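These notes concern the structure reproduced below.
The values are calculated or read from the model by the stated rules, or taken from the named source; none is laboratory data. Here the structure is a predicted model, which means the values were calculated and not measured. As a convention, Cβ positions derive from the backbone with ideal geometry for all residues, glycine included, and neighbour counts pool all protein chains shown.
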Amino acid sequence: MSLEVPGAELLVGHQVLAVHPWRPAGSGGMVSSPDPDGVDQNDVQSSAGLLSALFDDIERRSVAGESPMPLHSNRILTYVADVDALTQGLQRGSLVVLAGCTGMGKTTLALNLARNISLYSQVPVLYGAYDSPPEALLLRLLASMCDVESGRLSAARLSQGEWPRLGEAMAQLSAAPLFWVGGPGAGLQAIRQRCLELQAQNCGAPGVLILDMLHLMPELQPGQTSGLAPLLQELRHLAAELNVCLILLTQTPPAPELRDDHRPLLNDLPDVEAMQAYAHVIALLHREEFWDPETTTRGEAELIFCKNVDNPVGMVRLWFEPQFSRFSMPPAIQPGLRVV
């Protein structure tokens, strides 16, 4: 059985016999075939040209059978399998909101993502630390990598056999393109300047920018939970300008404790209408163990995607190990992805 496409011949299935991608005829100087690495998105582009590049990319990936992401993709793998399956990777130029009540583990999850992206995807990450000094966050990262409880690591109580693991973790983190900025004066202009400086210093332009967290940013008044639209709009524009995935951590009020199942809802977000308007992805972190220490789901966490542009919403199950400051895929919960 064959599928007929103008200017192309192919066999339905994995074996492509002959493909001659079609090109727009007589498109003129104003409309050009898209070059993902060089096209100005403000230029007018024909559907035929866009479809041609899209078809070529699908063909290459189908024949190679290797990468789930487009070869010239603006998406970044997190190496959390079910998160990547649901989101197709973090999109450059997007604003991602990671929300949850105090104590859910938002910073721990953000640190784990920063570690994975910088170590395994080799994409530079800039972490805006408003809540804790970088040294404290690095200790948590080291604990997650060398299997030493973060409390013992902070107190320098290591066994003889744990020192080599700590040294290996430090060597790996030292080689990773992971950078830090923070403090009460680190507003958006300072963040933008740090990103440009990293690019100028041949460290590589950041692909991911993490801001931890919203209510501590100097652009907001203490306790401000409304009127967030101007700041969220500026954050979205900053993500597009710097071509980064901007992950914004934010707290939700303790409304879930009034509900029987304690699961967070989209309406729990501060200034939810502005969040929905400007964020590309909104994910809520939930751990039932936080509310009920005797629950049968101890150690389990849910990352609930209630907005996920161009992809389905759904829930990803994770495994939380607080002593190691670590989230991971559940050891015995497979698959962990539920799409709704």
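Checked against (1) more than 15 Å from the chain's Cα centre (by Cα); (2) under 25 Å from residue 268 (Cα atoms), residue 128 passes all but condition (1). Selection of the stretch 169-198 for residues being without any contact (Cβ under 8 Å) to a residue 12 or more places away in the chain, among the aliphatic types (A, V, I, L, M) and under 16 Å from residue 122 (Cβ atoms) yields 171, 175.
Answer yes or no as to whether residue 99 is modelled with pLDDT of 95 or more and buried (at least 21 other Cβ atoms within 10 Å of the Cβ). Yes. Of the residues making up the stretch 199-210, those that are closer than 21 Å to residue 119 by Cα and either free of Cβ contacts under 8 Å to residues at least 40 places away in the same chain or surrounded by fewer than 17 Cβ atoms within 10 Å (Cβ to Cβ) (or both) number 6. Selection of helices (runs of 4 or more DSSP H) fully inside the stretch 103-181 by the criterion of at least 1 residues being buried (at least 18 other Cβ atoms within 10 Å of the Cβ) and among the polar types (S, T, N, Q) returns 106-119, 134-146, 150-154. The residue that is surrounded by the fewest Cβ atoms within 10 Å (Cβ to Cβ), among those in the stretch 310-324 that are assigned to a strand (DSSP E or B) and among the charged types (D, E, K, R), is 321. Only residues that are at negative phi and surrounded by fewer than 15 Cβ atoms within 10 Å (Cβ to Cβ) were counted in the stretch 241-265, giving 10.
Comparison of 293, 256 shows that the only residue that is of a type outside the set (A, V, I, L, M, F, W, C), at pLDDT below 90 and either over 23 Å from residue 212 (Cβ atoms) or in a loop (DSSP other than H, G, I, E, B) (or both) is 293.
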